[in-house]
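Notes for the one structure printed next.
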Amino acid sequence: MTSAQPSAPVSAEPKERTVSTALGSIHVSEIGSGPALVMLHGGGPGASALANYRQNLPAFASNYRVVLPDQPGFGKSYRPTEADLDARSITEITVEALLATLDELGIDKFHVLGNSLGGAAAIATALAVPDRVTKLVLMAPGGGWLPFGPTPTEGQKAMFRYYNAGGPSVKKMKDFVRTMVADPRQFDDANVQARYEASLDESHIAFYHLYNAAFAKRHGMDPLWRDVHKIKAPTLLLWGRDDRTITLDGAQIMLKQIPDVQLHVFSNCGHWVQVERKAEFEAQVSTFLEDK
């Protein structure tokens, strides 16, 4: 295995643009140059690509063209309607929008990394276009996970509660963050306040109610675990041992069924590996992507 060597300095701030697709407009942030690395965010209230991954960009932008799309319903991208969500799952919608976006950006082959809801989209993308996905990094991914314990999990319940029972509040955001991480002391009041403010967009709130209703109708996420044995891309699983949202026990089916797979578990870590164990996360991903 090799270690990362920065190829050149990069701009400190990603460039942002809107890409038009047949489904709707997708907001994309980009930074760096080299092989494409698509990073897909999770589905928490107020989530977006930059909110999830901004702190990790310096580690990757010197060696990769890092592409950060806001998934449909999140950030500055379009909001799927109730009819959209009745017709197809959010994962199916996201994959179509993602592939259309990458086509518009002129990206053929790419690495893809996804967390939680974004992990489900990453799995579905690797299954839909196996010849385009070169490597796959999954951080506690929905859909591929088959838990032994009861569902919804504690973290999933916290997401469902956030916009219900009186609507969002700073206290609810503190409770949500506390459920997502092993050590909430990493997140000060300013960080919680910023996440809270990001969750207040009215169109996102309206989408989130539709999204939760569709999730309930479908009895959870797409059962991608049934097809993970078809994944062709070398795959790295990253998991927090103390994840209370997408629990570690559910990793076993992917570890057993994905043909080319490895698993790294972080102790004292919850659902947000890229934040809670930032340096180790970046080192693991960089080594995996570089390894021939």
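So the values come out like this:
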| quantity | calculated |
| --- | --- |
| Matching residues in the stretch 196-233 - criterion: being over 20 Å from Phe74 (Cα atoms), touching a Pro at 6+ places or on another chain (Cβ under 9 Å), touching a residue at least 40 places away in the same chain (Cβ under 8 Å) and not basic (Lys, Arg) | Leu224, Ile231, Ala233 |
| Tally of residues being without any contact (Cβ under 8 Å) to a residue 60 or more places away in the chain, in a loop (DSSP other than H, G, I, E, B) and touching a Phe, Trp or Tyr at 6+ places or on another chain (Cβ under 9 Å) across the stretch 48-80 | 1 |
| Enumeration of residues in the stretch 118-142 that are within 13 Å of Val95 (Cα to Cα), in contact with a helix residue (DSSP H, G or I) (Cβ under 7 Å, 6 or more places away or on another chain) and outside any strand (DSSP E or B) | Ala120, Ala121, Ile123, Ala124, Thr125, Leu127, Ala128, Val129 |
| Looking only at the stretch 18-44, and only at residues there that are closer than 17 Å to Ala120 by Cα and either assigned to a loop (DSSP other than H, G, I, E, B) or without any contact (Cβ under 8 Å) to a residue 24 or more places away in the chain (or both), the one that is farthest from the chain's Cα centre (by Cα) | Gly44 |
| Contacts under 6 angstrom Cβ, first residue in the stretch 243-268 being at positive phi, partner not in a strand (DSSP E or B), 6 or more apart | Asn268/Ala182 |
| Helices (runs of 4 or more DSSP H) enclosed by the stretch 202-284 - at least 1 residues per element that are within 14 Å of Asn115 (Cα to Cα) | 273-276 |
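Each value in this text was obtained by applying a stated rule to the coordinates, not by laboratory testing. What you see is a predicted model, and the numbers here were worked out from it, not measured in a lab. A quick note on method: Cβ atoms are made from the backbone with ideal geometry, for glycine too, and the neighbour counts reach across all protein chains shown.
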